[in-house]
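Each remark here refers to the structure printed beneath this line.
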Amino acid sequence: MTLLDVRGLTVRTGDGRTLVDDVSFTVAGGERLGLIGESGSGKSLTTLAVLGLLPDGMTATGSVELAGTQVIGAPEKRLTTVRGRDAAAVFQEPLTALDPLMRVGRQIAGPLGRRTGLKGKDLRRAVAHALAQVRLPDPERIARAFPHEISGGQRQRVALAMALACEPRLLVADEPTTALDVSVQAEMLELIDTLVREREMAVLFVSHDLAVVAKVTDRALVLKDGRVVEEGAVHTIVGAPREEYTKALVASARRLESALDLRSAR
Amino acid sequence: MTPVLELSDVALRYRGSTHNVVEGVSLAVEAGHSLALVGESGAGKTTLLRLLLGLARPTAGQVRFDGTGLSGRNREQMRRFRRSVQCVFQDPYSSLDPRRRVGATVAEPLLSLGIDRRATAGPKVAAALERVGLPADAAGRYPHEFSGGQRQRIAIARATVCSPRVLLADEPVSALDVTTRVKVVDLLAELKQEQGLTLVMVSHDLSVVASLCERTAVLERGRVVEHGDTAQVLGRPAHPYTRHLIDSVPRLPA
């Protein structure tokens with residue numbers, strides 16, 4: 001069953017520049033799709049368009065059908081029912097995703113309370129449970145903390161807990177580990193992988209890092225200057241890229257990686 | 001041979017803080033042996049770089065330049081020091097003055113060190129820009145006209161225009177796309193080769209470190225936990241933290 005159907009998505013700025021150009025793809029329920037691209041490739045705009053979150057002054061044309069709802073042109077009221085329930089997002093920078101003046105627990109309680117109707121002590125317990133699910137130690141303490149009082153990795157876990165709180169059918173993850181240290185990144189990828197599998201949730205995973213995309217997704221799209229240049233199984237894209245651009249991307253990544261394998265050869 | 005830069009048993013505690021951000025660090029930067037400082041956020045990498053640059057004074061221990069203690073009050077020494085040791089920062093969007101033409105930015109070290117006057121700096125600026133692979137007309141343009149990778153090249157041109165012996169670089173490629181990253185790594189390797197530049201590089205990216213630096217020091221919570229030849233440290237890590245770092249690097253499927 002198709003959960004997300006994007007057809008001919010085009011995003012233009014107010015002055016007529018085309019930033020995303022005729023992008024089409026589908027994500028089936030439980031499927032994990034990666035969007036790979038460098039800065040300016042339109043990968044983040046594509047995800048924002050899927051959520052109906054494009055910045056002011058940008059217009060999207062084409063079709064984005066999320067769980068049966070046409071996102072493009074939909075009124076904000078309609079979109080609030082789609083966001084959270086059908087799709088929720090984790091972005092790159094957890095500090096900007098969290099309200100600095102609100103304790104972490106309350107930020108999760110918001111969407112959680114709205115979906116479950118829980119209140120008071122029950123809601124608090126559900127919040128602690130949500131935090132425990134993203135493997136945060138001492139969830140009661142974290143729930144009482146302000147975002148600045150916890151580490152970057154912990155903040156990103158909180159953002160993930162917030163996204164998962166509504167049990168969306170699609171998790172949109174835009175560079176969710178780019179701002180994190182390597183060891184924290186490894187834990188975070190592992191966590192996303194397990195949680196998504198357990199819930200049979202679909203994922204739209206955006207990253208510039210091929211190796212990271214390959215860890216979480218099965219199929220991927222390579223974007224360049226707003227267009228899809230290649231599409232296929234991640235292993236094929238990495239193992240036998242067809243397009244020149246993808247080849248260059250894979251070669252660059254491999255070259256840096258091979259330096260690590262030199263071992264004591266030098 | 002006397003190391004160009006040396007930290008001996010250095011510690012730094014910020015005012016008002018109760019603990020040291022770096023402690024008991026002894027490292028030497030010898031000419032021709034580029035050194036990488038790796039570790040995760042909060043490990044003290046950037047603090048060490050600030051100490052090596054003379055931008056912070058250690059609360060214990062000593063920073064030595066060419067064998068003598070670095071002192072901000074010794075103007076003659078600072079002048080030699082700034083001529084020999086230059087730096088490049090992580091974010092090429094905030095490290096260049098948006099209101100100055102690239103030529104003026106690159107000429108800055110020549111003028112402030114009294115090596116050249118504005119009238120005579122031109123050829124050296126042009127040579128520096130050419131060395132980093134920027135077009136000849138770059139000097140007359142503004143930073144916003146360049147991409148991230150090109151801006152980092154401008155920052156490298158500025159840092160190398162006065163022919164320093166040591167280049168301190170704080171995460172010089174982590175803000176760049178992977179294809180651009182490879183090109184800037186190549187450029188740094190070239191400058192090492194041709195200009196005899198010694199790099200001191202802070203990075204969390206182990207593959208960049210492995211391709212550029214002969215020596216690596218691994219930092220964890222302000223202390224050096226492992227230190228030696230890069231091939232040795234990354235190839236046969238002795239400390240569990242180093243092993244953990246290496247194992248965490250996401251790899252492409254074969």
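Within region A:30-105, which strands (runs of 3 or more DSSP E) (wholly inside it) include 3 or more residues that are surrounded by fewer than 21 Cβ atoms within 10 Å (Cβ to Cβ)?
On the way: elements: A:32-36, A:59-66, A:87-90.
Per the criteria, A:59-66.
Examine region B:82-95 for a residue that is in a loop (DSSP other than H, G, I, E, B) and more than 22 Å from B:Arg181 (Cα to Cα), and state whether such a residue exists.
The answer is no; no qualifying residue exists.
Please tell me if B:Asp116 is among the acidic types (Asp, Glu) and open to solvent by less than 70 Å² (accessible area, probe 1.4 Å).
Numbers: among the acidic types (Asp, Glu): yes; open to solvent by less than 70 Å² (accessible area, probe 1.4 Å): yes.
Considered against the rule, which asks whether it is among the acidic types (Asp, Glu) and open to solvent by less than 70 Å² (accessible area, probe 1.4 Å), B:Asp116 comes out as yes.
Given the conditions (1) away from chain B (no Cβ under 14 Å); (2) buried (at least 23 other Cβ atoms within 10 Å of the Cβ); (3) closer than 27 Å to A:Ala220 by Cβ, which single one is not true for A:Leu180?
Looking at each condition in turn, A:Leu180 falls short on (1).
Please enumerate the residues belonging to region A:191-211 that are facing chain B (nearest Cβ under 10 Å) and more than 16 Å from A:Ser44 (Cα to Cα).
Within region A:191-211, just A:Ala211 meets the criteria.
Determine the pairs where a residue that is within 14 Å of chain A (Cβ to nearest Cβ) and surrounded by 21 or more Cβ atoms within 10 Å (Cβ to Cβ), located within region B:217-232, has a partner that is in a strand (DSSP E or B) and of a type in the set (Gly, Ala, Ser) with Cβ atoms under 8 Å apart, the partner being 6 or more residues away or on another chain.
Within 8 Å, the pairs are B:Thr230/B:Ala36.
Can you name the number of the only condition in (1) open to solvent by 10 Å² or more (accessible area, probe 1.4 Å); (2) away from chain A (no Cβ under 11 Å); (3) in contact with a helix residue (DSSP H, G or I) (Cβ under 6 Å, 6 or more places away or on another chain) that B:Thr180 fails?
Every condition holds for B:Thr180 apart from (2).
One residue is enough: does region B:185-199 have a residue meeting the conditions over 22 Å from B:Glu220 (Cα atoms), of a type in the set (S, T, N, Q) and within 14 Å of chain A (Cβ to nearest Cβ)?
No - not one qualifying residue is present in region B:185-199.
Of (1) of a type in the set (S, T, N, Q); (2) within 30 Å of B:Ile115 (Cβ to Cβ); (3) in contact (Cβ under 8 Å) with a residue 12 or more places away in the chain, B:Ser211 satisfies all except one. Which?
(2)
Filter region B:133-148 down to the residues that are touching a residue at least 40 places away in the same chain (Cβ under 8 Å) and either open to solvent by 30 Å² or more (accessible area, probe 1.4 Å) or under 15 Å from B:Leu188 (Cβ atoms) (or both) and list them by number.
Answer for region B:133-148, where residues must be touching a residue at least 40 places away in the same chain (Cβ under 8 Å) and either open to solvent by 30 Å² or more (accessible area, probe 1.4 Å) or under 15 Å from B:Leu188 (Cβ atoms) (or both): B:Gly133, B:Arg141, B:Tyr142, B:His144.
Is there a residue being aromatic (Phe, Trp, Tyr) and over 28 Å from A:Gly30 (Cβ atoms) anywhere in region A:236-250?
yes
Checking B:Thr105 against (1) among the β-branched types (Val, Ile, Thr); (2) over 25 Å from B:Val4 (Cα atoms); (3) touching a strand residue (DSSP E or B) at 6+ places or on another chain (Cβ under 7 Å), which test does it fail?
So B:Thr105 meets the others, but not (3).
Criterion first (at the interface with chain A (Cβ under 8 Å from one of its Cβ atoms) and either surrounded by fewer than 23 Cβ atoms within 10 Å (Cβ to Cβ) or of a type outside the set (Gly, Ala, Ser) (or both)) does B:Leu206 satisfy it?
The answer is yes for B:Leu206.
In region A:222-239, which residues are more than 11 Å from every other protein chain (Cβ to nearest Cβ) and open to solvent by 40 Å² or more (accessible area, probe 1.4 Å)?
Within region A:222-239, A:Asp225, A:Arg227, A:Val228, A:Val229, A:Glu231 meet the criteria.
Kindly indicate whether any position in region A:144-160 is under 24 Å from B:Leu206 (Cα atoms), in contact with a strand residue (DSSP E or B) (Cβ under 8 Å, 6 or more places away or on another chain), open to solvent by 20 Å² or more (accessible area, probe 1.4 Å) and outside any helix (DSSP H, G or I).
Looking through region A:144-160, none of the residues is under 24 Å from B:Leu206 (Cα atoms), in contact with a strand residue (DSSP E or B) (Cβ under 8 Å, 6 or more places away or on another chain), open to solvent by 20 Å² or more (accessible area, probe 1.4 Å) and outside any helix (DSSP H, G or I).
Please state which one of A:Gly84, A:Gly37, A:Gly57, A:Gly62 is within 14 Å of chain B (Cβ to nearest Cβ) and touching a residue at least 40 places away in the same chain (Cβ under 8 Å).
Within the list A:Gly84, A:Gly37, A:Gly57, A:Gly62, the selection yields A:Gly37.
Restricted to region A:117-143, and to residues that are over 26 Å from the mean Cα position of the chain (by Cα) and among the basic types (Lys, Arg), which residue is least open to solvent (accessible area, probe 1.4 Å)?
Applying the filter and picking the extreme gives A:Arg141.
For B:Glu130, indicate whether it is open to solvent by 40 Å² or more (accessible area, probe 1.4 Å) and either farther than 27 Å from B:Val202 by Cβ or aromatic (Phe, Trp, Tyr) (or both).
Numbers: open to solvent by 40 Å² or more (accessible area, probe 1.4 Å): yes; either farther than 27 Å from B:Val202 by Cβ or aromatic (Phe, Trp, Tyr) (or both): yes.
Considered against the rule, which asks whether it is open to solvent by 40 Å² or more (accessible area, probe 1.4 Å) and either farther than 27 Å from B:Val202 by Cβ or aromatic (Phe, Trp, Tyr) (or both), B:Glu130 comes out as yes.
Given the options A:Arg254, A:Arg242, A:Arg219, name the one that is at the interface with another protein chain (Cβ under 7 Å from one of its Cβ atoms) and on the phi < 0 side of the Ramachandran plot.
Just one listed residue meets the conditions, A:Arg254.
The values are calculated or read from the model by the stated rules, or taken from the named source; none is laboratory data. Small disclaimer: the values here were computed from a predicted structure and weren't measured. When we count neighbours, we look across all protein chains shown, and the Cβ atoms used for this are built from the backbone with ideal geometry, even at glycine. Ligands, DNA and RNA are stripped out before the accessible areas are found, and what is left, the full protein with its side chains, is counted by its heavy atoms. Shrake-Rupley method; radii C 1.70, N 1.55, O 1.52, S 1.80 Å.
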